[in-house]
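Please read the structure below before turning to the comments.
What follows draws every value from the coordinates through simple rules; no lab data is involved. Everything quoted here is computed from the prediction, not taken from an experiment. Note that each Cβ is placed from the backbone with ideal geometry, even for glycine, and that neighbours are counted across all protein chains shown.
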Amino acid sequence: MFYVLVFPAKPKPIVCPSPTATCIDIPFGVSFDSSKNFVLSNVTITAGTFVQWKNHDESPHTATATLVPPGATKFDSGELDSGNTFFVQLTTPGLYTYHCNFHPMWMRGVIIVKP
C-alpha cells in the first residue's frame, strides 16, 4: 500500500510595488514614536489588488482589520516580527480600516477599494 502526501502550495511572493500590489511599510521606530504610522496609511486601490505590509521595525506589529464592507472577510496578520510580511487580496469594494493590535492608538490605516 502506498500513501501520497499532499501539501498546499506556498503562495508566490508579491513583488512590491507592482501593478497588482500596493505596499504598506511599518517603519523603524514606530513602536516608540507615536508621530509615525503605517506608510502609506491611507490608500485607494481597485478590487482584486493585493496589499502587502512589511515590518521594518525591531518590534512586532499586526495589520488587523477593524471595519470591512458587508460581505468582506476581516483580515489579521497575526504577529509580524521584524522583516516579515503579510499580504491579502481585497476583492470586495468599500471602506476597510485596520490597526496594529500592539499600538492601536496611533498605528491606524484606511484602504478604499473601488470596483
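At-a-glance table
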{"quantity": "Cut-off 13 Å between beta-carbons: net charge of the residues surrounding Lys54, Lys and Arg +1, Asp and Glu -1", "calculated": "-3"}
{"quantity": "Value of relative contact order over the chain, rounded to a whole percent, pairs C-alpha under 8 Å and six or more apart", "calculated": "27"}
{"quantity": "Net length gained if the chain between Arg108 and His56 were fully extended (0.36 nm per residue, minus Cα distance)", "calculated": "17.1 nm"}
{"quantity": "Assigned charges on the beta-carbon of Lys, Arg, Asp, Glu; the chain dipole about Cα centre (debye)", "calculated": "420"}
{"quantity": "Rg/Rh for the chain, where both radii come from Cα atoms and Rh is the Kirkwood radius", "calculated": "1.05"}
